[in-house]
Amino acid sequence: MGKGANNFSGNKDPLILVNGQPMTDVSSIPTSEIKLIWVISKGSETAQYGLRGTNGVILIDLK
């Protein structure tokens, strides 16, 4: 599967992890609390996240 491809659930959204925990809505996180955002889109790097990372991974670390 290539970048941006559907996974089995049909979802095209990236996997979002906040402090290592999956989240679907990050709009409630105040920007002042964000320490780091890392976007992973390369297939070889998203592979460790399995099918959930098929469409990319966004890692957010809070202060």
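List the residue pairs whose Cβ atoms are under 6 Å apart, where the first residue sits in segment 39-63 and is small (G, A, S), the second is outside any loop (DSSP other than H, G, I, E, B) and at pLDDT below 95, and the two are 6 or more positions apart or on different chains.
From segment 39-63, the pairs are G53/T46.
For residues that are under 12 Å from the mean Cα position of the chain (by Cα) and surrounded by fewer than 10 Cβ atoms within 10 Å (Cβ to Cβ), scanning just segment 23-38, find the one that is nearest to N11 (Cα to Cα).
T24
Give segment 45-63 a look and list any residue that's buried (at least 16 other Cβ atoms within 10 Å of the Cβ) and of a type in the set (G, A, S), or say none.
Correct list: G53, G56.
The values are calculated or read from the model by the stated rules, or taken from the named source; none is laboratory data. Keep in mind the model is a prediction, meaning the values are calculated, not measured. Virtual Cβ from ideal backbone geometry, glycine too; neighbours counted across all protein chains shown.
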